[in-house]
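Below you'll find the structure, written out as structure tokens, and then a few comments.
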Amino acid sequence: MIEVRDAKKWIQNGTRRVEILKGISITIPAGQFVAIVGASGSGKSTLLGLLAGLDTPSSGEIWLDGVPIHNLAEAQLAAVRGSKIGFVFQSYQLIATLTALENVLLPYELNVLGSGLKQARRLLDEVGLTERVHHYPVQLSGGEQQRVALARAFVVEPPIVMADEPTGNLDSANGRLVLDLLLERNKKAGTTLVLVTHDPEVASRADRKIVLRDGMVVEDTLPFSAPVAVVAEGAEQNQNG
């Protein structure tokens, strides 16, 4: 579903080059829940931005569902983002002049033909906001705003959902609720979920944990099934030998 091949990101400050990512190579299969963790400044959010097509690598390749997004023009990139990715920001990023329902509908209206009204109402109901559909962001609590943001990320039924510290601005109860909603979507719809977090509890619920330090992957904890596959492959080689 997602493949990163030696992706690097740097910024040029006069004659000095500041390296943010120093050659990341990872593959994320469809349906996996991956938590990207690391200290502030390790490159987590930069990597997520590259995976989501919100930024482009300075060098290297990024493939999203078979599409090489690292060299697409912005119009093509926007089309891929609109159809394949639901993105959840830590700071919600709702449009203040739109109601909860209108905020959820926006990606559908921009990317899908037909009416998404029924879908948007169903999702708001699923996240517990049936009575808040006509409220504006200023009339909603932080937890409610983040749940609107989740419904917006789900509305076009993207195969990939990405989230940047989605529980970071929430109290523990709302944080657990938001995480449960993301996990439910991951399990029920088979959505690939890539999440950046500082929270060890959130990371502990992932299938896989990728740890960044100084722009490099220093730990990649695979799902439990991965070592079994390696053993089976070794056994097969012994058998053949």
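Please work out how much length the chain gains when fully extended from K188 to K118, using 0.36 nm per residue of separation minus the C-alpha to C-alpha distance, in nm with one decimal.
So the extension gain works out to 23.3 nm.
Just to be sure I understand: if I project the alpha-carbon convex hull of the stretch 64-140 onto a plane and average over all orientations, what area do I get in nm²?
With every direction weighted equally, the projected area is 6.4 nm².
Kindly list the residues of the stretch 14-51 that lie in the label zone of E3, defined by a backbone N under 12 Å from the point 7 Å along the Cα-to-C-beta vector.
Hits in the stretch 14-51 for E3 at 12 Å: 26-29.
State, as an integer percentage, the relative contact order of the stretch 1-110 based on alpha-carbon contacts under 8 Å between residues 6 or more apart.
Dividing the mean separation by the residue count of the stretch 1-110 yields 25 percent.
Given an 8 Å cut-off on Cα distances and at least 6 residues of separation, report the relative contact order of the chain as a percent.
Once normalised by length, the contact order is 27 percent.
Sort 201-214, 12-25 for me by packing, meaning the mean count of neighbouring Cβ atoms within 10 Å per residue, highest on top.
The most tightly packed comes first, giving 201-214, 12-25.
Tell me, what HN-Hα J-couplings in whole Hz come from the Karplus equation 6.51 cos²θ - 1.76 cosθ + 1.60 at θ = phi - 60° for each residue of the stretch 129-140, using x for Gly and Pro?
Result, rounded to whole Hz: 10, 4, 8, 10, 4, 9, 8, 8, x, 5, 8, 10.
Please give, to one decimal in nm, the separation of the simple spin-label points placed at S58 and I11, each 7 Å out from Cα toward the Cβ.
1.1 nm
Stretch R176-Y136 to full length: gain in nm at 0.36 nm per residue minus the Cα-Cα span?
Contour length minus Cα-Cα distance gives 12.0 nm.
Consider a paramagnetic label point 7 Å from the Cα of I95 along Cα→Cβ; state which residues of the stretch 128-153 have an amide N under 19 Å from it.
133-140, 145-153
For a test of understanding, tell me how many lysine pairs in the stretch 1-160 have Cα atoms under 21 Å apart, given they are 8 or more places apart or on different chains.
Going through the stretch 1-160 pair by pair, I get 7.
Once you've got the GNM for the chain with C-alpha springs shorter than 10 Å, pick whichever of S172, S42, S59 has the biggest mean-square fluctuation.
S172
All of the numbers you see were taken from the coordinates with simple rules; none came from a lab. Here the structure is a predicted model, which means the values were calculated and not measured. A quick note on method: Cβ atoms are made from the backbone with ideal geometry, for glycine too, and the neighbour counts reach across all protein chains shown.
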